[in-house]
Protein chains: 2
Amino acid sequence: MTTKQLISEIKKKQSFLCIGLDVDLNKIPKHLLKEDDPIFAFNKAIIDATHHLCVAYKPNTAFYEAYGIKGWKALEKTIVYINENHPEIFTIADAKRGDIGNTSTMYAKAFFEDLSFDSVTVAPYMGKDSVEPFLAFKNKHTILLALTSNQGAFDFQTKEVHGKELYKQVLETSRTWENSENLMYVVGATKAEYLAEIRDIIPDSFLLVPGVGAQGGNLQDVCKYGMNANIGLLINSSRGIIYASNDEDFALMAAQKSKELQEQMAEVLSKQSW
Amino acid sequence: MTTKQLISEIKKKQSFLCIGLDVDLNKIPKHLLKEDDPIFAFNKAIIDATHHLCVAYKPNTAFYEAYGIKGWKALEKTIVYINENHPEIFTIADAKRGDIGNTSTMYAKAFFEDLSFDSVTVAPYMGKDSVEPFLAFKNKHTILLALTSNQGAFDFQTKEVHGKELYKQVLETSRTWENSENLMYVVGATKAEYLAEIRDIIPDSFLLVPGVGAQGGNLQDVCKYGMNANIGLLINSSRGIIYASNDEDFALMAAQKSKELQEQMAEVLSKQSW
């Protein structure tokens, strides 16, 4: 999917919501455990109930890997289901990969070719040659970790490197890499005030913002500081939506929570002139 | 496996060789492609031929993920085969994972419980709460990326943070984390001279050293600067061993290359007093 198509979908749906499909068998409704593939059954129900309210789905691969082969099958079925039924939806493999060059190419093939995701999250620690193999794929997007929403973000990301925080160095340096137009960035919502400075460095890029809701971020603040002329935001919610209920009404409640966020987003969008 | 058991194996086998099982179907001998599971067939032959010469196997997960479900089945069969036939061998899932707390727990379960690896490589960018969930597993080891062997290591890892290189900050900070005795570190061999300074910060930890051979590192230098009183080194070779030949004699040639390295290691060990 091109960035232009993503922007067009956001305008059409009046939503820049991304739903995180982080399925934990201990948290899903008990009645689903009787299904052949409870993970896929859960995802399918969530997707069926919410696809008109969001523009992106983001399965975190950890939740699938934890269940071994069964988990990978469920991940594969989920991405196939989205791509076949809702090809207009942007898909993110939240995998946080990164390795030396030839190995990163294998990861890129895994997510862009074998599983046909539109994008994958990548960690920056190993530098340019660990990220460029992902960037080489046309109309695919590499979402680089910049400033994450967890407490550990303060261990290294916000430390000063030559007078500038490490995450800012990551933003600046990554702009010089080949095919950097295929970059997006993970920026945690718990630090909305940082977004203005981030926008100074990368005015045009899309930001994937986790941590609105459960992790304490505020939607209005994120939009105020993070939005650009092309919207430039995907706001993720995982637990707040998919575990809104753990009873038989879970999909309905997920849709309701999604609708609440979508309406807030529509309101923000209505105040802008596109 | 405990660190004590690993040290005991190193002394018994007179080897601290780790073999990287990075299987690329474009590089393995053509006759194996007829097999039901060419990846596993290749690994099994390499393991059968080399298990007495090495103390660790390290499959890089990227090479398995690139082949989807089939790849994950091959990874699962490989780790089961090693654990059943050679339980004395230390196993490393070279996965370079790392995520927020509850998600890292899922990754830890995937590699330590579902797949029963002894250790997993983890990226430090997201800090303490992204690594501690791995450290919580008893007799399992978390191998943190410190200084990698690729060119991109100079993008961020060697940049100065408050007057000290980032990778040194990672080493120092990680020592303060809970259960830090379960930490090992990835340190690239292409910078053997850095090892002396690294040993000042983490005198007791095991180092996993990639980049000897194919990537230009020198075994003698690595041992000179990196060895400690408990040996403290695992030296990895992947392509140099497993692709020593791409003909029917591939396993024999892999054994020969392993033997050459093992003999160099035995010589180094013979000069020390343990």
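Taken over region A:175-203, the residue count meeting the criterion of being in contact (Cβ under 8 Å) with a residue 12 or more places away in the chain, among the acidic types (D, E) and more than 29 Å from A:D22 (Cα to Cα) is 2.
Of all residues in region B:222-239, those satisfying the criterion of being part of a helix (DSSP H, G or I) and either in contact (Cβ under 8 Å) with a residue 60 or more places away in the chain or β-branched (V, I, T) (or both) are B:V222, B:R239.
Inside region B:153-177, can you point out the residues that are small (G, A, S) and surrounded by fewer than 23 Cβ atoms within 10 Å (Cβ to Cβ)?
So the first thing to find is which residues in region B:153-177 are small (G, A, S), and the list is B:153, B:163, B:174.
Result: B:G163, single match.
Here region A:146-190 is the region considered, the condition is being facing chain B (nearest Cβ under 9 Å) and assigned to a loop (DSSP other than H, G, I, E, B), and the residue that is farthest from A:N218 (Cα to Cα) is A:H162. Taking the criterion of being touching a residue at least 40 places away in the same chain (Cβ under 8 Å) and either open to solvent by less than 50 Å² (accessible area, probe 1.4 Å) or touching an Asp or Glu at 6+ places or on another chain (Cβ under 9 Å) (or both), the residues of region A:246-274 that qualify are A:F250, A:A251, A:A254, A:A255, A:S258, A:L261, A:Q262, A:M265, A:A266, A:V268, A:L269. Within region A:63-110, if we keep just the residues that are more than 21 Å from B:P124 (Cβ to Cβ) and part of a loop (DSSP other than H, G, I, E, B), the residue that is nearest to the other protein chains (Cβ to nearest Cβ) turns out to be A:A66. Test B:K30 against the stated conditions and say whether it is within 11 Å of chain A (Cβ to nearest Cβ) and of a type in the set (K, R). So B:K30 does not fit the description; no.
Is it true that some residue in region A:36-54 is in a loop (DSSP other than H, G, I, E, B), surrounded by 21 or more Cβ atoms within 10 Å (Cβ to Cβ) and touching a helix residue (DSSP H, G or I) at 6+ places or on another chain (Cβ under 8 Å)? Walk me through how you get there before you give the answer.
We begin by selecting, within region A:36-54, every residue in a loop (DSSP other than H, G, I, E, B); these are A:36-37, A:51-54.
Now restrict to residues that are surrounded by 21 or more Cβ atoms within 10 Å (Cβ to Cβ): A:53-54.
Filter again for touching a helix residue (DSSP H, G or I) at 6+ places or on another chain (Cβ under 8 Å), leaving A:53-54.
Looking through region A:36-54, at least one residue is in a loop (DSSP other than H, G, I, E, B), surrounded by 21 or more Cβ atoms within 10 Å (Cβ to Cβ) and touching a helix residue (DSSP H, G or I) at 6+ places or on another chain (Cβ under 8 Å).
Would you be able to tell me the number of residues in region A:103-112 that are open to solvent by 20 Å² or more (accessible area, probe 1.4 Å) and touching a residue at least 12 places away in the same chain (Cβ under 8 Å)?
Taking region A:103-112 first, the residues open to solvent by 20 Å² or more (accessible area, probe 1.4 Å) are A:105, A:109.
Now restrict to residues that are touching a residue at least 12 places away in the same chain (Cβ under 8 Å): A:105.
The number of residues fulfilling the criteria is 1.
Give region A:209-221 a look and list any residue that's in a helix (DSSP H, G or I) and surrounded by 19 or more Cβ atoms within 10 Å (Cβ to Cβ), or say none. Steps first, answer last, please.
Initial filter on region A:209-221 (in a helix (DSSP H, G or I)): A:219-221.
The answer is A:L219, and nothing else.
Scanning region A:1-35 for residues that are part of a helix (DSSP H, G or I) and closer than 20 Å to A:F90 by Cα yields A:T3, A:K4, A:Q5, A:L6, A:I7, A:S8, A:E9, A:I10, A:K11, A:K12, A:K13. Residue pairs, Cβ under 8 Å, 6 or more apart or interchain, first in region B:3-30 and farther than 14 Å from B:A66 by Cβ and of a type in the set (S, T, Y), second open to solvent by less than 50 Å² (accessible area, probe 1.4 Å) and assigned to a loop (DSSP other than H, G, I, E, B). List them. Once the first residue is farther than 14 Å from B:A66 by Cβ and of a type in the set (S, T, Y) and sits in region B:3-30, its partners that are open to solvent by less than 50 Å² (accessible area, probe 1.4 Å) and assigned to a loop (DSSP other than H, G, I, E, B) give B:T3/B:F206; B:S15/B:L53; B:S15/B:C54; B:S15/B:V55. On the stretch given as region A:247-274, residues that are touching a helix residue (DSSP H, G or I) at 6+ places or on another chain (Cβ under 8 Å) and not charged (D, E, K, R) total 13.
The requirement of being among the aromatic types (F, W, Y), within 30 Å of A:E160 (Cβ to Cβ), modelled with pLDDT of 95 or more and over 18 Å from the mean Cα position of the chain (by Cα) is fulfilled somewhere in region B:177-189, by at least one residue. Among residues of region B:114-134 being under 23 Å from B:I82 (Cβ atoms) and more than 8 Å from chain A (Cβ to nearest Cβ), the one that is surrounded by the fewest Cβ atoms within 10 Å (Cβ to Cβ) is B:S116. Being closer than 21 Å to B:N102 by Cα, at pLDDT 95 or above and in contact with a strand residue (DSSP E or B) (Cβ under 7 Å, 6 or more places away or on another chain) holds for only one residue in A:P59, A:P38, and it is A:P59.
Is it the case that B:L32 is open to solvent by less than 30 Å² (accessible area, probe 1.4 Å) and on the phi < 0 side of the Ramachandran plot? Talk me through it step by step, then tell me what you get.
Working: open to solvent by less than 30 Å² (accessible area, probe 1.4 Å): yes; on the phi < 0 side of the Ramachandran plot: yes.
Spelling it out, B:L32 is indeed open to solvent by less than 30 Å² (accessible area, probe 1.4 Å) and on the phi < 0 side of the Ramachandran plot.
The values are calculated or read from the model by the stated rules, or taken from the named source; none is laboratory data. Just so we're clear, the structure is a prediction, and the values are computed from it rather than from any experiment. Cβ: placed from backbone, ideal geometry, glycine included. Neighbour counts: every protein chain shown. Heads up: the accessible areas ignore ligands, DNA and RNA and are worked out on the full protein's heavy atoms, side chains in. Shrake-Rupley method; radii C 1.70, N 1.55, O 1.52, S 1.80 Å.
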